[in-house]
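See below for the structure under consideration.
Just so you know, all these numbers are worked out from the coordinates, no wet-lab data involved. Quick caveat, the model's predicted, so the values are computed rather than measured. Note: ideal-geometry Cβ built from the backbone for every residue, glycine included; neighbour counts use all protein chains shown.
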Amino acid sequence: MSRVSMFNSPLLLGFDQLERTLDRLAKNAEGYPPYNIEKVGENGLRITLAVAGFTSDDLVVELVENQLTVRGKQSDDSDRVYLHRGIAARQFQRAFMLADGIEVSGARLDNGLLAIELMRPAAEPRIRTIRIDAGKDAGADNTINITARRTHSR
């Protein structure tokens with residue numbers, strides 16, 4: 001059975017990489033650790049992950065191109081003898097794809113919550129005129145200009 005792509009419209013050109021990224025993120029969508037994403041101020045975002053039992057040494061926050069990855073791995077304490085172990089020291093990896101221009105401004109671990117601060121710089125509209133040259137048969141004076149306007153939505 002073939003899969004129907006949401007990006008198969010001829011009007012959506014060059015989105016194949018985005019589609020592959022969405023597929024990869026959907027396959028890795030595990031429920032642990034739980035997280036929140038909140039808007040902070042006009043251009044800020046905050047990702048908060050519940051990482052109870054992890055220290056800052058157990059966590060790695062890494063940004064590779066536009067993918068923000070948070071990994072956690074606790075070391076097993078061999079000196080402890082458990083009669084019951086209900087709190088698992090499990091490792092995790094959680095990935096977030098960031099839009100172009102979003103910057104990671106910092107991370108903070110407080111009371112079992114890892115907060116990662118993101119900033120979206122105010123976007124300036126880009127306007128560029130595209131020159132269209134006339135075909136071989138037309139005269140050299142037949143040049144048409146098209147104005148392309150690009151604005152960013154919030």
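Couple of notes before you dig in:
- Fully extending the segment from residue 8 to residue 57 would add 13.2 nm, taking 0.36 nm per residue of separation and subtracting the current Cα-Cα distance.
- The modelled label-to-label distance between residue 131 and residue 79, using points 7 Å beyond Cα along the C-beta direction, is 7.4 nm.
- Under 5 Å between amide hydrogens, built in the peptide plane, is the criterion, and for residue 51 it picks out 113, 114 among residues at least 5 positions away or on other chains.
- Label separation (residue 100 vs residue 16): 1.8 nm, computed from points 7 Å beyond Cα along the C-beta direction.
- Backbone geometry of the stretch 101-106 corresponds, through the Karplus equation with coefficients 6.51, -1.76 and 1.60 at θ = phi - 60°, to 3J(HN,Hα) couplings of x, 6, 10, 8, 9, x Hz, x marking Gly and Pro.
- Full extension of the chain between residue 38 and residue 90 yields a length gain of 16.1 nm, computed as 0.36 nm times the residue separation minus the alpha carbon distance.
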